[in-house]
Each structure stands twice: as structure tokens, then as C-alpha cells.
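Chemist: What follows is a structure written as C-alpha cells; I'll ask about it next.
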Amino acid sequence: MKKSIIYISVTKNTELLAQTIEKQLSDVIYVGAPAEEALEADVVFVGFWAQAFACPQPIKDFLAKLDNKKVFLFGTAQLNQTLGQHRVSVHAGLFQHAVVQL
Ligand SMILES: Cc1cc2nc3c(=O)[nH]c(=O)nc-3n(C[C@H](O)[C@H](O)[C@H](O)COP(=O)(O)O)c2cc1C
């Protein structure tokens, strides 16, 4: 089963997640920014960071192109600050089908 990992990341938090996911997978055909090539996979891992309480537009545009794919969303956000330290939250979830054979 072919997999692709597309993500966007500015300060590399989401990129670190993408790299970590990639290490756990086999048959990965594409890793990087949203691209048509990624659509050839059966399972698409989509990573993004919270931007102004929303998903960045390039990711929304990519998600709109997905059809009949298993999609695993992951992302990071800086939801709060504790004692002056920035805490980055990590979120992930599998959509469309509950089980994916990795
Ligand atoms: C312009 C900007 C807007 C952001 N907006 C939010 C937000 O609305 N909610 C939130 O929880 N984090 C927000 N963040 C924090 C980022 O989502 C968080 O730092 C994320 O891990 C960055 O991912 P990256 O390192 O992959 O770029 C914002 C950061 C920036 C720079």
C-alpha cells in the first residue's frame, strides 16, 4: 500500500512529526510540500500547523483534491503558554477508515 506524507512547516515542529512518521512507514512514495505526486498514494498523511485558529490554505486546497484515499491528519499548535514556556501540542487522527494496514 503506497503512502505519501505531505506537510507544511515554518519552524519545523510539524516537519519533525512528518520525519518521525516517515521512519515508521514502508512504501513511502513522496514526502514534502503538497504536490500532485502525493496523490498517487493509497494512504495520505497530511500535516499542518495551526495558523490563526485554522488550517493553512495550501493544506485545505490539497485536502479538497483527495478522493477515495485513507487520510491521516496530524498537526501542531501552540495552544497555551505555561510559566512563560511555549508548549507545542501535537494532534493526530485517522479519517475515512478506522484501520490502516501500515
Ligand atoms: C502566524 C502564526 C499564527 C499562529 N496561529 C496559531 C493559532 O491560531 N493557534 C495555535 O494554537 N497556534 C498558533 N500558532 C503556533 C503554531 O501553530 C505552532 O508554533 C506550530 O507548532 C508551528 O508549526 P511549524 O513549526 O511546523 O511551523 C501560530 C504561529 C504563527 C507563526
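Readers should treat all values here as calculations from the given coordinates under stated rules, not as data from a laboratory. The structure presented is a predicted model; accordingly, all values stated were derived computationally and were not measured.
Chemist: If the reach is capped at under 18 angstrom between alpha carbons, list the aspartates and glutamates near Lys3, excluding any in the same chain fewer than eight residues apart.
Modeler: The reachable aspartates and glutamates, counting only those whose Cα sits under 18 Å from Lys3, are Glu15, Glu22, Asp27, Glu36, Glu37, Glu40, Asp42, Asp67.
Chemist: Give me, ordered by chain and number, the residues 5 or more places off Gly47 or on other chains with an amide H under 5 Å from its own placed amide H.
Modeler: Ile6, Tyr7, Ile8, Phe74
Chemist: While we're here: Rg (Å, one decimal) plus Dmax (Å, integer) for the alpha carbons of the stretch 3-90?
Modeler: Rg, Dmax (Cα atoms, Å): 13.5, 45.
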